[in-house]
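This report refers to the structure that appears directly beneath it.
The values are calculated or read from the model by the stated rules, or taken from the named source; none is laboratory data. Note that the structure is a prediction, hence the values are computed from the model and not measured. Cβ placement follows ideal geometry from the backbone for every residue including glycine, while neighbour counts extend to all protein chains displayed. Side chains included, ligands, DNA and RNA excluded: accessible areas come from the protein's heavy atoms. Shrake-Rupley method; radii C 1.70, N 1.55, O 1.52, S 1.80 Å.
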Amino acid sequence: MTLGPGLREQAIEQGRDLPCREYDADLWFADTPTELEYAKSLCADCPVKVECLAGAMDRQEPWGVWGGEIFEAGVVVARKRPRGRPRKDAAQIEAAAQAALAERTAGALAALEAA
């Protein structure tokens, strides 16, 4: 599934702009985890968030923020690791983040299928 050509126009007619069109596009493809988390937060209220995520998954987007989730090497990841040596508790933190990600994406895809 890809985004239909009329979704952006429908959102604008309803008086809602898409955050990825209002802010600098480089923010959605940033290198730093902080900027990517900010881009994810801007996607939170987007009217086409679920469709954007589903389209990115179908297209196997290689990287960036799509539908409020971070893609890295074509896979949705819970968070982008900062550069440098990982913390000692990084495995536990990553496992918790991946579990939360699985719950979010399952809920988003279920909502898309129900629509």
Handout entry: Verdict on E69 being closer than 27 Å to D17 by Cβ and of a type outside the set (F, W, Y)
Key = yes
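Conditions (1) closer than 22 Å to D24 by Cα; (2) among the aromatic types (F, W, Y); (3) more than 16 Å from the chain's Cα centre (by Cα), marked per residue:
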residue	(1), (2), (3)
G68	yes, no, no
F71	yes, yes, no
R79	yes, no, no
R83	no, no, yes
D89	no, no, yes
Q92	no, no, yes
A96	no, no, yes
A100	no, no, no
Problem - Close pairs (7 angstrom Cβ cut-off, 6 or more residues apart or separate chains): closer than 26 Å to M57 by Cβ and in contact (Cβ under 8 Å) with a residue 24 or more places away in the chain in the stretch 69-97, open to solvent by 70 Å² or more (accessible area, probe 1.4 Å) and in a strand (DSSP E or B) anywhere - result: K80/E72
Exercise for the section: Examine the stretch 87-97 for a residue that is of a type outside the set (S, T, N, Q) and in contact with an Asp or Glu (Cβ under 7 Å, 6 or more places away or on another chain), and state whether such a residue exists. Expected result: no
